[in-house]
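Engineer: Attaching a single structure in structure tokens format; questions to follow.
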Amino acid sequence: MADTVLVPFRWPAAWTDAKLISLFEGSPINCLVASGASPAVVGAAGKAGLTVLEWGSLDAAPLAKVNWNTAAPRIMLTDLVWPRVKLAAPGAGQAQSGPTGAPWIDSNSWVARLAAARASGKQVWLDFEPPKGEAPPDEGAYRVAIADAAATGARWVVQLDDQLSKALPSGNADALKTWRGILATLAFFEKQSAWRAYVHQGPLAIVSTFAGDNEYMGTELLNLAARNKMVYRIIDRSRVLSADLTGLRGVLWVDNDPPAAGIVARLAAFARGGGLLIVPATAAPLFKGERVLDCPVAGYELRAFGKGTVAAATREWDDPYFLALDAHNLVSRRYDPIRVFNGSSCWIHYSVAPDGKDSLIQLVGFTGGRSFRGGSGRLVDDVAIRIPARHRSVTVYTLDAAPVPLEPVTVDKQVEYHLPGFSNYIALEVKV
Amino acid sequence: MTTNIDRRSFLANAAGALAGAVLLPRAAKSQGAPASPVALSRCTSYGAEVLPALRKMFDQIGGIGSLVKGKTVAIKANMTGDPDIRAGFIPIERMTFTHPDVLGATVHLLSLAGASRIRILESPWKSAEPLEEYMILAGWEPNDFIRASTGAKVEFENTNFLGRGKQYHRFTVPKGGHLFPAYDLNHSYYDCDVFVSIGKMKEHATAGITLAIKNCFGNIPCTIYGDGAPQDEPGLVPRGGRNPIHAGNRQPPKSSPPEKDPASPRDAGYRIPRCIADIVAMRPVDLAIIDGIESMNNGENSGRPENYVKPHLLVAGRNVVCVDAVGAAAMGFDPMADRGHAPFERADSTLRLAEELGVGTRDLKRIEVAGAKIREVAFDFRMSRPNADGTPGGWPDRGAGQRGGRAPGQSAPGRGQGRG
């Protein structure tokens with residue numbers, strides 16, 4: 001079986017009964033990740049057509065310690081978060097606010113995207129477990145965990161919470177319902193496998209090593225820019241020379257250590273061709289522009305640079321939240337490929353088909369299920385989206401219903417799409 | 001608390017009083033705060049109806065040519081809250097923000113009247129983002145305002161921080177001020193010959209009502225009067241909202257004057273109205289406009305679901321207190337009311353406090369109202385509040401004389417708490 005279609009599940013250590021393999025009959029799960037599973041289990045899995053991978057063979061590692069040059073067909077990331085609205089305290093029922101006042105969301109999606117950018121062509125698997133010491137996640141929370149990974153093209157190695165892994169073997173009805181919800185969600189994303197080839201896009205590329213001294217600023221920038229509804233490309237610094245900069249309006253060089261000569265030439269060519277280059281103060285001398293222009297964003301000197309511009313920071317970047325805002329404002333939201341209203345509880349993904357035409361807008365809603373204020377079944381509603389680019393049709397996908405065309409509505413002379421209420425996930429396939 | 005009956009009676013009485021008031025000469029006869037004519041107009045929709053309505057209203061208050069010709073005009077818009085958060089699918093400018101059609105029509109008329117430069121100002125929430133970006137976030141196109149001008153240069157500035165200025169300008173409050181003796185503001189409030197406030201007609205949880213005076217609360221920069229401002233000097237960018245003004249939990253940086261009486265009540269209902277009155281006294285509003293075409297009731301930031309209403313009103317005049325007095329009356333409130341009476345159940349009256357500083361009179365008997373009559377166009381904001389179950393209004397006879405609002409059974413989706 002080709003590795004690209006492995007759909008992994010973390011086999012609970014306590015499951016010693018080989019008959020439990022029957023739970024996977026007809027399911028999209030075709031790979032068990034186990035730690036010392038019994039021969040009986042391994043044998044039954046094999047008979048059922050399931051691949052069994054030994055956990056220790058997967059080179060699982062946190063982002064900072066991954067061997068990106070591995071020959072393995074996949075990258076297995078650990079030390080991740082359980083995706084959800086962050087609670088002030090476990091069980092408190094009150095959401096924490098982020099810098100914007102919007103609820104703070106824990107998501108792994110930026111990590112998964114960074115891994116994909118660094119290990120192009122490899123599968124990205126995410127290893128995280130349900131939180132312990134609090135109420136177990138409900139079906140909605142599992143859906144969010146799956147969708148948060150799948151929206152980036154990654155796969156969560158599904159792990160059950162202790163209560164569910166104990167109740168499921170006994171045939172408990174509630175447990176089976178949750179299990180079926182997990183399988184249905186996985187099946188949804190496997191059915192849309194073409195979306196995994198879509199490339200995450202945006203008007204700005206963020207360039208960094210995302211490691212060492214640059215790790216905090218670089219990775220938090222990815223996290224907070226996404227929270228700020230900014231869609232972007234990630235370019236690992238080691239790949240700048242070969243990266244495709246087509247269609248970008250701006251490039252943000254995050255690292256304080258200035259780029260090498262070859263990269264300077266590449267970035268300068270980008271700016272001279274009409275792009276916006278955003279650099280820290282330390283790199284400003286490398287990109288001496290021409291006349292000074294009016295800069296609407298505090299803390300930058302904007303200079304003409306050929307047909308484009310260079311925005312050089314005039315003070316040290318010390319807060320990734322403000323850097324994310326600055327970058328978004330310097331490029332301008334005018335060039336955002338989508339505008340979302342009432343999406344503050346969602347994580348928004350924008351990707352484009354490999355041919356550069358059709359696009360995909362995915363929203364992972366974090367307020368559905370028990371993950372937010374105890375509001376099981378709560379809908380994310382009244383979300384509106386504007387798509388400035390010309391397009392022919394929009395089809396809406398949800399986890400629970402067949403895809404349907406979504407008709408535009410005109411509000412104050414602006415065409416927008418009013419999304420149906422959804423609990424955990426919605427996608428808009430935009431055809432040109 | 002004033003009852004709805006009281007308000008209804010008030011409207012009837014106000015009509016009688018106004019009948020007498022219009023017989024008075026324009027100049028106020030009485031001593032005290034000045035009075036100035038106010039234009040009141042029905043305007044049933046945004047779009048094409050706004051420009052002719054405003055043009056007529058400006059004529060009714062004596063024209064604006066002599067005010068703005070060859071001048072730099074600053075317009076303070078009302079854009080409070082998160083621009084990409086709506087109540088349901090209703091764009092924020094239909095409920096909370098000054099609508100861009102009103103702003104654009106004003107820009108157009110100011111430029112036609114000869115303004116040389118028009119600078120659109122706002123201190124959006126607690127951010128230093130360019131104002132144009134804030135507009136784009138709301139779904140607006142800032143270039144529309146540039147195109148609305150017939151010749152005047154149109155600029156934008158976020159006044160929540162130093163912005164394009166080299167230093168803040170200190171404004172001293174007449175009569176010593178209520179809350180602070182002086183405030184430090186972005187240069188744009190000083191570097192203008194004419195200052196225009198375009199408020200939204202809406203209820204507000206703390207101040208009772210938002211009109212053209214309350215709109216000016218945003219004049220003060222969060223880099224000085226916000227949470228997270230440094231202790232000694234203004235911050236480079238805002239690091240929090242204006243809670244220090246609401247709650248009095250800290251003083252501004254040492255570089256700015258401290259409040260007059262640190263032992264005064266820390267109650268927002270005491271502090272906010274005083275702060276706003278100070279602001280309109282120290283930086284006088286030369287032209288006040290209220291966008292009440294569509295709006296919200298049930299209290300901005302009250303925690304209750306905000307309710308979409310359509311009062312279909314525009315108000316304009318040269319004296320901001322007079323304009324707000326007429327605006328309050330058109331909302332069904334008594335502008336002479338004070339704390340404990342609607343709409344000031346939990347706050348001191350901003351109108352009264354501004355009047356005490358000599359800004360203008362709130363006494364309808366002294367204000368000439370041109371155009372529509374208050375009693376004929378008034379939209380009672382309280383009467384049109386939804387019931388707890390979401391059904392509209394609490395009056396058995398609601399609808400008899402009430403225009404706009406939501407049809408029965410159409411409860412407005414709520415935006416809830418958490419907006420700045």
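Since every read-out is calculated from the coordinates, none of them should be taken as a lab result. Being a predicted model, the structure only gives us computed values, none of them experimental. All Cβ positions, glycine included, derive from the backbone under ideal geometry; neighbour counts span all protein chains shown.
Engineer: Among rounded, prolate and oblate, which fits the range B:8-400 when a ≥ b ≥ c are the square roots of the eigenvalues of its C-alpha gyration tensor, a/c under 1.5 means rounded, and a/b larger than b/c means prolate?
Structural biologist: rounded
Engineer: At 7 Å along the Cα-to-beta-carbon direction for both A:GLU407 and B:LYS260, put a label point, then send me their distance in nm to one decimal.
Structural biologist: The answer from the label model is 6.1 nm.
Engineer: Now a separate question. Taking the DSSP beta bridges in chain A as the whole, what percent of them are antiparallel, to the nearest 5?
Structural biologist: 60
Engineer: Positive end of the charge dipole of the protein assembly as shown (Lys, Arg +1 and Asp, Glu -1 on Cβ, about the Cα centre): tell me which of B:MET282, A:SER107, A:SER344 has its Cα farthest that way.
Structural biologist: Among B:MET282, A:SER107, A:SER344, the one farthest towards the positive end of the dipole of the protein assembly as shown is B:MET282.
Engineer: Please arrange B:LYS254, B:LYS200 by counting, for each residue, the other beta carbons lying within 10 Å of its beta carbon, fewest first.
Structural biologist: Result, fewest neighbours first: B:LYS254, B:LYS200.
Engineer: If you don't mind, there's one more thing I want to ask. To the nearest 500 deg cm²/dmol, what mean residue ellipticity at 222 nm is calculated for chain A from DSSP H runs of n ≥ 4 alone, each contributing -39,500 (n - 2.57), summed and divided by the residues?
Structural biologist: The per-residue figure over chain A is -6500 deg cm²/dmol.
Engineer: While we're on this one: Lysines near A:LYS431 by alpha-carbon distance under 20 Å, same-chain residues fewer than 8 away left out - which ones?
Structural biologist: List returned: A:LYS191, A:LYS357.
Engineer: Please work out how much length the chain gains when fully extended from A:THR209 to A:ALA304, using 0.36 nm per residue of separation minus the C-alpha to C-alpha distance, in nm with one decimal.
Structural biologist: My answer for the length gained is 31.5 nm.
Engineer: Placing one identical point scatterer on every Cα of the range A:269-386 and ignoring solvent, what is log10 I(q)/I(0) from the Debye formula at q = 0.09 Å⁻¹?
Structural biologist: Debye curve over Cα of the range A:269-386, log10 I(q)/I(0) at q = 0.09 Å⁻¹: -0.40.
Engineer: Let me ask something else about it. For A:TYR335 and B:ARG55, FRET efficiency with R0 = 30 Å and r from the beta-carbon atoms, rounded to 0.05?
Structural biologist: About 0.25, to the nearest 0.05.
Engineer: In peptide A:381-387, what is the residue-averaged number of other protein chain Cβ atoms found within 10 Å of each Cβ?
Structural biologist: 3
Engineer: Please label the shape of the range B:71-184 as rounded, prolate or oblate, based on the square roots a ≥ b ≥ c of the eigenvalues of the alpha-carbon gyration tensor (a/c under 1.5 means rounded; beyond that, a/b larger than b/c means prolate, else oblate).
Structural biologist: It comes out oblate by the Cα gyration axes.
Engineer: Taking chain A as the reference, fit the longest principal axis to its C-alpha atoms, fit the long axis of helix A:215-227 to the helix C-alpha atoms, and give the angle between the two in degrees, 0 to 90, nearest 10.
Structural biologist: The angle comes out at about 80 degrees.
Engineer: Measuring from label point to label point, each 7 Å out along Cα→Cβ, what is the A:THR282 to A:SER393 span in nm?
Structural biologist: Going from the A:THR282 label point to the A:SER393 one covers 5.2 nm.
Engineer: Further question: Sticking with the crude label model, points 7 Å out along Cα→Cβ, report the distance from A:ASP400 to A:VAL415 in nm, one decimal please.
Structural biologist: Spacing of the two 7 Å Cα→Cβ label points: 3.0 nm.
Engineer: Dividing the Cα convex hull volume of the protein assembly as shown by residue count, how many Å³ per residue is that?
Structural biologist: Convex hull volume per residue, Cα atoms: 166 Å³.
Engineer: Same structure again: Neighbour counts of other C-beta atoms within 10 Å: give me B:SER255, A:SER109 arranged from fewest to most.
Structural biologist: B:SER255, A:SER109
Engineer: Also: What is the calculated FRET efficiency for A:ASP257 to A:ALA135, with r their C-beta to C-beta distance and R₀ = 45 Å, to the nearest 0.05?
Structural biologist: 0.45
Engineer: Based on alpha-carbon positions alone, could you give the equivalent ellipsoid semi-axes of the range B:27-126 from the gyration tensor, as √(5λ), descending, whole Å?
Structural biologist: 27, 17, 16
Engineer: With the cut-off at 1.5 for a/c, could you classify chain A from its C-alpha gyration tensor as rounded, prolate or oblate?
Structural biologist: Note, shape of chain A comes out prolate.
Engineer: Given Cα positions, please report Rg to Rh for the range B:163-219, the hydrodynamic radius being the Kirkwood one.
Structural biologist: Value, to two decimals: 1.01.
Engineer: Can you tell me the relative contact order of the range B:8-400? Whole percent, Cα pairs under 8 Å, sequence separation 6 or more.
Structural biologist: It comes to 22 percent, rounded to a whole number.
Engineer: Using alpha carbons only, how many angstrom separate the centre of the range A:287-365 from the centre of the range A:196-255?
Structural biologist: Spelled out, the Cα-based centre of one part sits 11 Å from the other.
Engineer: Let me ask something additional. Rank the residues B:THR159, B:THR350 as a footprinting-exposure proxy: fewest other Cβ atoms within 10 Å of their Cβ go first.
Structural biologist: Fewest to most other Cβ atoms nearby, the residues stand as B:THR159, B:THR350.
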